1. When a/c reaches 1.5 or more, the comparison of a/b and b/c decides; with that in mind, is the chain rounded, prolate or oblate per its Cα gyration tensor?
2. Pairs of alpha-carbon atoms within less than 8 angstrom and 6+ residues apart define the contacts here; what relative contact order does the chain have, in percent?
3. Can you give the net charge of the other residues whose Cβ lies under 10 Å from the Cβ of residue 118, counting K and R as +1 and D and E as -1?
4. Could you look at region 535-589 and say what percent of its accessible area is carbon and sulfur, using a 1.4 Å probe and all protein chains?
5. Can you give me the orientation-averaged projected area of the convex hull built on the Cα atoms of region 804-844, in nm²?
6. Of the options 155, 144, 104, report the single residue whose Cα projects farthest towards the positive end of the charge dipole of region 31-169 (beta-carbon charges: Lys, Arg +1; Asp, Glu -1).
7. Taking the Cα centre of region 113-264 as origin, sum charge times position over the Cβ atoms of Lys and Arg (+1) and Asp and Glu (-1), and report the length of that vector in debye to the nearest 20.
8. HN-Hα J couplings of region 585-597 from phi, Karplus 6.51/-1.76/1.60, θ = phi - 60°, integer Hz, Gly and Pro as x?
Amino acid sequence: MRAPPLLYPLLLLLLLLLATSAYSWKKEEFRNCNQTPFCKRARSRKHGSCNLRATDVSISDGDLIAKLVHKEENPESEQPNKPLVLTLSAYQDGVMRVKIDEDQNLNRPKKRFEVPEVIEEDFLNKKLWLTRVKEEEIDGVSSVVYLSDGYEGVLRHDPFEVFVREKSSGKRVLSINSNGLFDFEQLREKKEGDDWEEKFRSHTDTRPFGPQSVSFDVSFYGADYVYGIPEHATSFALKPTRGPDMEEFSEPYRLFNLDVFEYLHESPFGLYGSIPFMISHGKARGSSGFFWLNAAEMQIDVLGSGWNSNESSNIMLPSDKQRIDTLWMNEAGVVDTFFFIGPGPKDVVRQYTSVTGRPSMPQLFATAYHQCRWNYRDEEDVYNVDSKFDEHDIPYDVLWLDIEHTDGKKYFTWDRVLFPNPEEMQNKLAAKGRHMVTIVDPHIKRDESYHIHKEASEKGYYVKDATGKDYDGWCWPGSSSYVDLLNPEIRSWWSDKFSLDSYTGSTQYLHIWNDMNEPSVFNGPEVTMPRDALHHGGVEHRELHNAYGYYFQMATSNGLLKRGDGKDRPFVLGRAFFAGSQRYGAIWTGDNTAEWEHLRVSVPMVLTLSISGIVFSGADVGGFFGNPETELLVRWYQLGAYYPFFRGHAHHDTKRREPWLFGERNTQLMREAIHVRYMYLPYFYTLFREANSSGTPVARPLWMEFPGDEKSFSNDEAFMIGNGLLVQGIYTERAKHVSVYLPGDESWYDLRSGFAYKGGQTHKYEVSEDSVPSFQRAGTIIPRKDRLRRSSTQMENDPYTLVISLNSSQAAEGELYIDDGKSFEFKQGAFIHRFFTFSNGKLTSSNAAPSSAGNDRFSSECTVERIILLGLSPGATTALVEPGNRKVEIELGPLFIQGNRGSVLTIRKPNVRIADDWSIQIL
């Protein structure tokens with residue numbers, strides 16, 4: 001139905017006001033804990049208030065099963081006192097799962113929601129079949145089961161408590177309900193007089209099933225710090241949110257996916273994504289991890305020392321145990337938790353990603369530099385930007401188009417006035433080895449002439465409001481509805497829309513950007529969808545809110561897979577995320593601001609995503625909002641070149657900021673920063689393969705590589721790329737010096753000069769304008785490609801440089817992974833994986849790939865053209881290359897060809913093939 005003409009200006013004004021209101025963070029628009037009843041109730045409980053005990057413990061289908069019953073019946077309680085069912089399961093590699101739900105055999109108003117399609121099928125097949133349970137006296141009767149050779153799972157009966165302990169010492173690792181804060185609000189039928197509605201500002205949540213929250217405490221033993229639970233713009237080590245000595249936050253860390261413009265740079269406030277995964281680390285014990293598979297709103301307190309000192313109940317935990325207590329509070333769903341025993345940080349990440357999935361292997365082009373702006377106006381603008389990169393000798397791989405490229409904000413369409421020849425445009429970029437990304441958001445314009453809307457409406461594919469009608473909210477197109485991607489049938493339908501036949505004007509070189517997928521609703525409560533909206537199967541939006549963006553990115557990624565007949569790896573960037581999103585693409589940290597503080601907080605934000613499985617992440621270089629001063633922009637490029645996902649992006653109200661617009665010297669500095677990324681692409685790509693295999697992130701906190709170094713535990717101004725590079729950001733203007741802590745006992749080699757700095761010390765490092773402090777760790781070998789091209793595709797056949805930094809034993813090692821950069825053939829063994837070692841004066845290249853029939857399906861004729869030797873004892877002048885019995889000279893050469901920086905010992909043109917076995921002996 002069309003609106004009368006006089007209403008159009010009013011509707012337009014309303015839309016603009018709604019959109020503008022989302023442009024800046026306004027505290028009053030979002031709920032705090034006191035305005036969130038389930039959070040307020042959970043925070044008010046005293047420790048020891050849980051009145052549940054475990055009974056009827058048995059083994060069934062390989063699991064430990066128990067009932068949780070109330071020790072004391074309270075006839076006046078509004079909550080039902082029906083038993084809960086606890087299921088404890090053990091899995092390979094030291095993972096324990098604990099589920100608690102209402103009894104399936106009792107009458108209930110509805111089944112509580114369990115998040116589907118997050119847990120990997122392979123993980124479920126690794127269940128250990130428990131055959132017996134032993135009873136022990138541990139402060140009362142406890143049931144003990146085998147978890148792994150060194151660990152046991154324990155269910156304490158009365159009071160109810162679950163924990164993992166070391167078998168030999170009896171020391172605890174992780175526990176639930178050790179402080180007695182467990183509470184489970186069971187569903188019940190609404191009675192006359194019950195008022196379950198909740199109001200916030202002008203919005204009313206009908207809450208048809210009433211209070212259904214779950215909360216409990218989790219304790220991490222032997223921990224100095226806890227990390228994780230993205231997404232928040234705050235320090236990497238999570239600060240206490242509650243306790244007598246609390247100096248930082250009084251609000252819990254919130255996990256509720258929200259569209260937040262210009263977010264604060266230091267706040268526990270929830271942002272675009274949510275992963276209820278926390279990892280602890282400490283010198284005493286190492287690392288452990290905890291994950292709660294639940295997609296409803298969650299609030300998490302990190303409890304400071306003495307948080308319960310004013311309470312009269314006895315603490316269940318032994319007071320001499322070093323631990324960190326946390327309180328997890330949730331609006332709906334079930335308890336479905338996973339304990340990860342570590343004991344090292346890489347072990348925990350491996351265990352977590354065995355449950356939620358290993359990160360996908362990106363195409364090579366996606367690991368290079370991306371250029372984006374809201375918006376490149378038209379094809380002429382696109383061609384001009386593309387040619388300027390070539391003119392200024394700056395490589396890039398991907399050009400992005402935002403919402404204005406569409407026909408009236410209708411996704412899968414083109415504005416044919418501004419972009420009359422989209423296929424030709426993409427093919428011209430592809431001729432240079434470049435790609436294009438267009439935006440596809442979840443809000444669908446309610447326009448009867450729009451084929452996507454018409455089809456979704458006719459098929460009943462939209463999320464419904466509380467009355468059962470298609471939900472109608474406001475976003476960029478105006479009146480919009482949202483596809484219900486919880487339904488697998490609808491996800492399949494959505495995926496089909498990315499076919500070349502369906503998405504007119506698209507090509508195989510076009511990839512996708514999922515923005516606003518929290519989902520963002522300008523006129524919704526807290527700029528999102530109402531909690532009482534209804535999804536497939538009668539699931540309330542409150543129950544799956546944090547996973548909506550996950551399903552959207554999943555369906556989009558599957559669409560690109562279908563488009564290429566399953567042959568090409570998809571690239572999809574998302575903003576909202578959940579546990580498992582690492583399987584479907586990259587994530588960026590959202591709408592940051594061109595301020596030094598946002599540059600600073602980008603590092604802990606990326607690190608937090610990295611340890612939570614999202615290894616392919618980065619922040620908008622330069623800041624999305626505002627106009628960065630030139631020095632800030634340069635520093636951001638220099639640091640951003642080391643983000644796993646490297647993209648420059650800006651709001652349409654900002655001044656144009658392509659790298660050539662700030663004078664020749666600044667253009668040179670940004671060019672060199674981007675060149676650094678392209679030089680290290682072989683190293684980054686090798687690390688992405690490691691992440692794809694084991695979950696180990698590309699960007700790592702220092703303590704992941706140096707788990708015993710206490711000075712690294714709270715350091716989030718520096719980070720590691722793999723095990724070999726350390727990068728320290730510069731976060732203040734006109735800095736002359738910066739303090740750089742270099743962990744470990746071995747030296748670190750300055751990438752600018754080749755100079756060696758001692759490890760285990762904080763150095764006062766003189767800052768230069770041409771780079772941020774970056775170092776290669778002694779004992780590592782890092783592959784590079786030093787010939788710089790227009791794009792990563794054009795570098796495919798270029799020779800390699802190996803940079804060897806020797807430790808105090810004159811030894812080093814490293815590796816290189818190569819495949820075709822785009823297909824899934826690597827899963828059948830079509831790749832090259834080389835292992836390099838240097839010891840006793842000899843460099844050796846050997847095959848690191850497992851022997852299989854697929855190894856000969858991929859080959860490379862690339863050679864090694866330079867070998868740089870950092871820290872080599874003086875005196876060597878020649879080297880012997882085998883096979884071939886050839887002698888080559890060792891001479892001084894530049895550390896970097898670009899800029900001719902440094903002067904280091906170099907073996908030039910050994911001309912050995914990268915794919916072969918060979919050795920080079922220093923004479």
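The values are calculated or read from the model by the stated rules, or taken from the named source; none is laboratory data. Nothing here was measured: the structure is a model prediction, and the numbers come from that model. A quick note on method: Cβ atoms are made from the backbone with ideal geometry, for glycine too, and the neighbour counts reach across all protein chains shown. Just so you know, the surface numbers come from the protein's heavy atoms only, side chains and all, with ligands and any DNA or RNA stripped out. Shrake-Rupley method; radii C 1.70, N 1.55, O 1.52, S 1.80 Å.
1. Judged from the Cα gyration tensor, the chain comes out oblate (a/c at least 1.5, b/c at or above a/b).
2. 9 percent
3. -3
4. 49 percent
5. The Cα convex hull of region 804-844, projected and averaged over all directions, gives 3.5 nm².
6. It is 104.
7. My answer is approximately 380 debye.
8. x, 9, 9, 10, 8, x, 7, 7, 10, 6, 9, 4, 5
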